[in-house]
1. Residue check: is Val124 open to solvent by less than 50 Å² (accessible area, probe 1.4 Å), touching a His at 6+ places or on another chain (Cβ under 9 Å), within 13 Å of Val51 (Cβ to Cβ) and part of a strand (DSSP E or B)?
2. Answer yes if at least one residue in the range 77-88 is open to solvent by 60 Å² or more (accessible area, probe 1.4 Å), out of contact with any Leu (no Cβ under 6 Å at 6 or more places or on another chain) and at positive phi, and no otherwise.
3. If I filter the range 1-44 down to residues being among the aliphatic types (A, V, I, L, M) and in a loop (DSSP other than H, G, I, E, B), which single residue comes out as nearest to Ser116 (Cα to Cα)?
4. What are the residues in the range 167-201 that are open to solvent by 70 Å² or more (accessible area, probe 1.4 Å) and farther than 19 Å from Asp54 by Cβ, if any?
5. Filter the range 1-57 down to the residues that are open to solvent by 70 Å² or more (accessible area, probe 1.4 Å), among the polar types (S, T, N, Q) and more than 22 Å from Gly79 (Cβ to Cβ) and list them by number.
6. State whether the residues of the range 139-149 include one that is out of contact with any Phe, Trp or Tyr (no Cβ under 7 Å at 6 or more places or on another chain), over 22 Å from Arg63 (Cα atoms) and at pLDDT below 95.
7. Quick test for you: out of Val48, Val29, Val42, Val24, pick the one residue that is closer than 30 Å to Leu102 by Cα, in contact (Cβ under 8 Å) with a residue 12 or more places away in the chain and out of contact with any His (no Cβ under 6 Å at 6 or more places or on another chain).
Amino acid sequence: MSAVEHRYEVRSRQVRYSGRIFEVVSEEVTMPGGGTATRDLVRHVGAVAVVALDDAGQVVLIRQHRQPVGRRLWELPAGLTDVAGEDPAVTAARELAEEVDLAAGRFDVLVDLHSSPGFTNELVRVFLARDLADVPAEHRHDRHDEEADLQIVRIDLDEAVGMVLAGEITNASCVAGLLAAARARDAGWSALRRADAPLPG
């Protein structure tokens, strides 16, 4: 590592597309040794995901169609952090209720991940939810579009980890969350962070 790290300065920025969830921009950035290079990137609002673990050691997974890959994927309950100023744990609780009809008595942080930093700044915070309870039927969310087609299953955490290692689970936050949950469990939950832990960066 050099004594002085290069500072990558943005000389210009052009917005190519701007939508509710993300924007696509081109940035001209200074490079080490002089000169600049253009980098196309996606600025994303961010997201949360939830490993909901019940008293029997089972996790709640959903199977949902994802248009970019053209098939259904095994995933965690998850959603966008698109409400300004909302605590990520509150977002996680809402998504858990909306997608799988569950409430949790306790939330902890399992892991934070940049989903694909080669092209996007998307940050996903993955929570562990425990002390689960069903949301009363009269308060359940009316799911639409892809969410109306969700398949919801409970599976032993170790079996879910096996699905990750077998290539059956490929969603990044699901992979990270399941592996982190298994490691945290094996360490007696000593490595968990508080639900209000600061986000990285």
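The values are calculated or read from the model by the stated rules, or taken from the named source; none is laboratory data. Quantities reported herein were computed from a predicted structural model and do not represent experimental measurements. Note: ideal-geometry Cβ built from the backbone for every residue, glycine included; neighbour counts use all protein chains shown. Keep in mind that these areas ignore ligands, DNA and RNA; they rest on the heavy atoms of the full protein, side chains included. Shrake-Rupley method; radii C 1.70, N 1.55, O 1.52, S 1.80 Å.
1. Criteria met by Val124.
2. Initially, the range 77-88 is screened for residues open to solvent by 60 Å² or more (accessible area, probe 1.4 Å), giving 82-85, 87.
Checking the rest, the ones that are also out of contact with any Leu (no Cβ under 6 Å at 6 or more places or on another chain) come to 82-85, 87.
Adding the requirement that they be at positive phi leaves 85.
Yes, some residue in the range 77-88 is open to solvent by 60 Å² or more (accessible area, probe 1.4 Å), out of contact with any Leu (no Cβ under 6 Å at 6 or more places or on another chain) and at positive phi.
3. Ile21
4. Result: Glu168, Thr170, Ser190, Ala191, Arg193, Arg194, Asp196, Pro198, Leu199, Gly201.
5. Ser2, Gln14, Thr38
6. Checked against the condition, which is being out of contact with any Phe, Trp or Tyr (no Cβ under 7 Å at 6 or more places or on another chain), over 22 Å from Arg63 (Cα atoms) and at pLDDT below 95, the range 139-149 yields at least one hit.
7. Step by step, each of Val48, Val29, Val42, Val24 is checked, and only Val48 is closer than 30 Å to Leu102 by Cα, in contact (Cβ under 8 Å) with a residue 12 or more places away in the chain and out of contact with any His (no Cβ under 6 Å at 6 or more places or on another chain).
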